[in-house]
Amino acid sequence: MSTKDIKMAEEIKLFKVKIDNISVEVEPGTTILNAARKIGGEVVPPAMCYYSKLQGSGGKCRTCLVKVSKGSDADPRPMPKLVASCRTTVMDGMEVANITSPEVLDARKGVVEFLLLNHPLDCPVCDQAGECHLQDLSYEHGADATRYEFKRRTFDKVDLGDHIKLHMTRCILCYRCVYTADQLTEKREHGILGRGDASEISTYISQSLDNDFIGNVIDVCPVGALTDQTFRFKNRVWFLKPVDAHRNCENPKCCGKTVLWMRGDEVFRVTARKDKYGEVEDFICDTCRFDKKDAKDWIIEGPRKIERNSVISQGHYVNTVKPKDPLVEVLDGRQPRLLFDIHSESKVNRPDIDLSKINGPAHSDDFKK
């Protein structure tokens, strides 16, 4: 960095913001949500549509609503309504209430109720169960029961190519997958069709999603609307062991750093690595995601750290020791013979008689000499 750049950086005045009575200094132009993420913990508002890696994301789900009780030092008036923290930038001296505001918690409860109006209660059969952001949100801020008495809208399941299954009934229209395909791939084949209650994610005239990086729409989806067909219904995430792994990918745009979801030595699925907010650290190509399902294709780095409150952490696979096989000690160091020829090993059978060629069940007459 040049002397001029250092001087310019020093001249940038940081804004002091207070969120839930906790102060933090951030650069001008920072949103309230990202300022809260610098603090961390329960101060951070939930976000179902905002994604820091995707330009233009945010402002769709309204789960990150907060109350601005003081606009700034220059204009201390509070904002008249709750604002979306992912879209509202901070001002110097701003004071924000998130979990300390009953008004925010009540509004968030209503937002969650709206998100669940048409969402099916199929968590037991959903592949996203156990790592679903909507599950966590409804557990923390949802109501005990729905007040919705009308018929829910439903859609047929659609194959978006060979690897992606769309279950539109679960979709909350967060637009993440649309932004991902628009900004990460060379062409986008899907988007939002219809308006209002008829809005849905779909492709134009049944086009297939076919691109080297299109599988990333599965990782960015906060619910189970977009799922991996190569993993669908094969296992539950809390029975699998996520391990960090990497490979030298042939695609120069792919980092090759992934998470392998394994059971024993079998790789059930491959995903990108995510941070504590559920956002992808580096996008991966479809070759790494769908085609490399053998452990020998990867250089395994070790078990991935899982948050304690996650259901995946119940596996307790970190720092475990493989139990000793007692069979070798019982056999005085000899390895057990698990496969052998019964005709040559057994002293009861006659080696010249092949049991597979006997018509019907074998009896004593077959072994008389």
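The values are calculated or read from the model by the stated rules, or taken from the named source; none is laboratory data. Since this is a predicted model, take the numbers as computed values, not measurements. Cβ atoms come from the backbone with ideal geometry, glycine included; neighbour counts cover every protein chain shown. Surface areas here come from the heavy atoms of the whole protein model, side chains and all, with no ligands, DNA or RNA. Shrake-Rupley method; radii C 1.70, N 1.55, O 1.52, S 1.80 Å.
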Which residue pairs have Cβ atoms under 6 Å apart, sit 6 or more places apart or on different chains, and have a first residue in segment 6-20 that is assigned to a strand (DSSP E or B) and open to solvent by 100 Å² or more (accessible area, probe 1.4 Å) and a second that is acidic (Asp, Glu) and at pLDDT 75 or above?
-> 16/25
Kindly establish whether residue 222 is open to solvent by 60 Å² or more (accessible area, probe 1.4 Å) and of a type outside the set (S, T, N, Q).
-> no
From the list 156, 210, which one is outside any strand (DSSP E or B), open to solvent by 50 Å² or more (accessible area, probe 1.4 Å) and over 20 Å from residue 271 (Cα atoms)?
-> 156
Across segment 160-197, what is the total count of residues that are farther than 21 Å from residue 55 by Cα, touching a Phe, Trp or Tyr at 6+ places or on another chain (Cβ under 9 Å) and part of a loop (DSSP other than H, G, I, E, B)?
-> 3
Of (1) open to solvent by less than 60 Å² (accessible area, probe 1.4 Å); (2) hydrophobic (A, V, I, L, M, F, W, C); (3) out of contact with any strand residue (DSSP E or B) (no Cβ under 7 Å at 6 or more places or on another chain); (4) not in a helix (DSSP H, G or I), residue 86 fails just (3)
Specify the residue that is nearest to residue 37 (Cα to Cα); the eligible residues are those in segment 89-105 that are surrounded by 18 or more Cβ atoms within 10 Å (Cβ to Cβ) and not hydrophobic (A, V, I, L, M, F, W, C).
-> 98
Might you check whether a residue that is assigned to a helix (DSSP H, G or I), open to solvent by 40 Å² or more (accessible area, probe 1.4 Å) and in contact with a His (Cβ under 9 Å, 6 or more places away or on another chain) occurs anywhere in segment 116-139?
-> no
Quick one: residue 32 ticks every box in (1) open to solvent by less than 60 Å² (accessible area, probe 1.4 Å); (2) in contact with an Asp or Glu (Cβ under 6 Å, 6 or more places away or on another chain) except a single one, so which number is it?
-> (2)
Report, by residue number, each residue of segment 213-229 that is over 21 Å from residue 53 (Cα atoms) and either among the basic types (Lys, Arg) or part of a strand (DSSP E or B) (or both).
-> 228
Scanning segment 141-153 for residues that are open to solvent by less than 90 Å² (accessible area, probe 1.4 Å) and within 18 Å of residue 172 (Cα to Cα), which turns out farthest from the chain's Cα centre (by Cα)?
-> 148
Return only the number of the condition from (1) under 30 Å from residue 169 (Cα atoms); (2) out of contact with any Ser or Thr (no Cβ under 8 Å at 6 or more places or on another chain); (3) crowded, with 22+ Cβ neighbours inside 10 Å that residue 108 does not satisfy.
-> (2)
Would you mention how many residues in segment 230-266 are of a type in the set (Gly, Ala, Ser), open to solvent by less than 60 Å² (accessible area, probe 1.4 Å) and not in a strand (DSSP E or B)?
-> 1
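Residue-by-condition table, conditions (1) out of contact with any Lys or Arg (no Cβ under 8 Å at 6 or more places or on another chain); (2) in a loop (DSSP other than H, G, I, E, B):
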{"residue": "33", "(1), (2)": "yes, no"}
{"residue": "38", "(1), (2)": "yes, no"}
{"residue": "42", "(1), (2)": "yes, no"}
{"residue": "46", "(1), (2)": "no, yes"}
{"residue": "51", "(1), (2)": "no, yes"}
{"residue": "54", "(1), (2)": "no, yes"}
{"residue": "57", "(1), (2)": "no, yes"}
{"residue": "60", "(1), (2)": "yes, yes"}
{"residue": "67", "(1), (2)": "yes, no"}
When residues of segment 177-201 are limited to those that are among the polar types (S, T, N, Q) and over 16 Å from residue 118 (Cβ atoms), the one surrounded by the most Cβ atoms within 10 Å (Cβ to Cβ) = 180
Would you say residue 215 is out of contact with any Gly (no Cβ under 8 Å at 6 or more places or on another chain) and open to solvent by less than 10 Å² (accessible area, probe 1.4 Å)?
-> yes
